[in-house]
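The values are calculated or read from the model by the stated rules, or taken from the named source; none is laboratory data. Keep in mind that this is a model prediction, so the values were computed, not measured. Reconstructed Cβ throughout: ideal geometry from the backbone, glycine too, with neighbour counts over all protein chains shown. When the accessible area is computed, the model is the full protein with side chains, heavy atoms only, and any ligands, DNA or RNA have been set aside. Shrake-Rupley method; radii C 1.70, N 1.55, O 1.52, S 1.80 Å.
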2 protein chains.
Amino acid sequence: MPRWEVGSEERLKKATMELFAEQGVEATSVVEIAKRAGVTTRTFFRYFPDKRDVLFADAESLLEALVGRILEADVSRPFPAVIEVLAGFDWSAMGWQSQRRRHAIIAANPELHERDLMKRDAIASAFTGALRQRGVEAGTAQLASRVGSQVFFTAYEKWLTAEDETSLASVIEATLECFDALVAIRSAYST
Amino acid sequence: MPRWEVGSEERLKKATMELFAEQGVEATSVVEIAKRAGVTTRTFFRYFPDKRDVLFADAESLLEALVGRILEADVSRPFPAVIEVLAGFDWSAMGWQSQRRRHAIIAANPELHERDLMKRDAIASAFTGALRQRGVEAGTAQLASRVGSQVFFTAYEKWLTAEDETSLASVIEATLECFDALVAIRSAYST
């Protein structure tokens, strides 16, 4: 890669997020993004198939990292394992403000929301596969992965829509408390 | 509606499902569907915007029916309320074989799978709204709706992929037992 391209990808990501936030996804063109990032349109397409892909550029490496942790986790208790792996990832490192902005852009756009749902579904499916690989029974693996990821992403969204930055761990703790209360109520239903 | 059109919609649905199952979604044209249903292509488009929409034709009325039940349910225990409303719907009336075939078509096609995920997401969101309308706290409403619908649809899929037809109620019961075991394990994690 020629030296002048160093940092292009990060600059393109930053420019895309800024423009999406300022003027919306539809109104933003690749030409504008490239211009703000100080690169050519051709450079943009060297990194991303289209403007929407910029928001999901890290999805694959995130999925790989998460699955890698499931493969190494203590899965004798699959549900806490799923929660721990998701909660244990260093989300703060990506920046609360930047994820908050990304979340707001996605929530406002049905097409992006659809894509985001698919990515979360892919995480739950990959977790199911990894848990099965670790010897967890199929039905248990699927339920732990799906419910665990729903609980985590519900907390994650709450973290990103809070007025001020708090610790993700505290939001997860509160969400799990709410979950425990809901489930305790369910036990009453069984009897 | 002229008399000769009576039953067209049902015949179109049946023809679409048959052709999708026989030769795949991509290879099936609206012209073929209309021909097998014994109607004109124009009649097809009077009912459906495109061939894929046929599979989701009942989604809106299903959503309305389910939300109606949440609005009338005892929501003092939101999680069992969500499960009960979903489990209490008469899924068998739509035919196990026909839903099984529909599920297999959707599972084999990423675009349809994406659309199906969106429909389920819409159900969980509408449930959240209905529970809030009934006075349930926002976070609790969201968690109960999301987790409850995940648990239900996991059971529903298991029901449709089983080798032989069993009662949906028994599959839900087994799934809830698995869920309880997972969650009991989670409590150990909290301590």
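Side notes on the structure shown:
- Distance from the Cα centroid of the stretch B:160-181 to that of the stretch A:119-180 is 22 Å (rounded to whole angstrom).
- Computed from Cα positions, the angle between helix A:8-23 and the longest principal axis of chain A comes to roughly 80 degrees.
- For residues of A:137-144, the mean tally of beta carbons on other chains within 10 Å: 5
- Label point 7 Å beyond Cα of residue A:31 along Cβ direction - residues of the stretch A:48-68 with amide nitrogen under 17 Å: A:51
- Fraction of accessible area attributable to carbon and sulfur, the protein assembly as shown (%, probe 1.4 Å): 52 percent
- Debye log10 I(q)/I(0) at q = 0.11, 0.15, 0.16, 0.19 Å⁻¹ for the stretch A:1-82, Cα point scatterers: -0.42, -0.61, -0.65, -0.78
- Alpha-carbon centroid distance for the pair the stretch B:60-104 / the stretch A:67-84, whole angstrom: 32 Å
- The Rg/Rh ratio of the stretch B:82-191, with both radii computed over alpha carbons and Rh defined as the Kirkwood radius, is 1.00.
- Percent of C-alpha pairs per 10 Å bin in chain A, short distances first: 8, 30, 31, 20, 8, 2, 0.
- Within straight-line cross-link reach of residue A:13, lysines at Cα separation under 25 Å, skipping those fewer than 8 residues along the same chain: A:35, A:51, A:119, A:158
- Nearest-ten-degree value, helix B:96-107 long axis tilted from longest Cα axis of chain B: 90 degrees
- Computed [θ] at 222 nm, deg cm²/dmol, chain A (DSSP H ≥ 4; -39,500 (n - 2.57); rounded to nearest 500): -24000 deg cm²/dmol
- With the whole protein complex present, residue B:47 retains an accessible surface near 60 Å², based on a 1.4 Å probe.
- The simple spin-label model puts a point 7 Å past each Cα toward its Cβ; for residue A:165 and residue B:18 those points are separated by 6.2 nm.
- Look at the alpha carbon pairs under 8 Å that are at least 6 residues apart: their mean separation over the length of chain B gives a relative contact order of 19 percent.
- In chain B, the longest principal axis of the Cα atoms and the axis of helix B:59-72 are about 30 degrees apart.
- Across A:98, B:92, the residue with the most accessible area heads the list, and the full order at a 1.4 Å probe is B:92, A:98.
- Heavy-atom accessible area order for B:17, A:94, largest first, 1.4 Å probe: A:94, B:17
- The stretch B:17-64: radius of gyration over Cα atoms, expressed as a fraction of 2.2 N^0.38 Å: 1.18
- Computed from label points 7 Å out along Cα-Cβ, the spacing between residue B:184 and residue B:64 is 4.3 nm.
- The smallest convex shape that holds all Cα atoms of the protein assembly as shown, its convex hull, gives 186 Å³ per residue.
- Working note: Cα atoms of the stretch A:62-118, range along each principal axis, descending, whole Å: 39, 23, 18.
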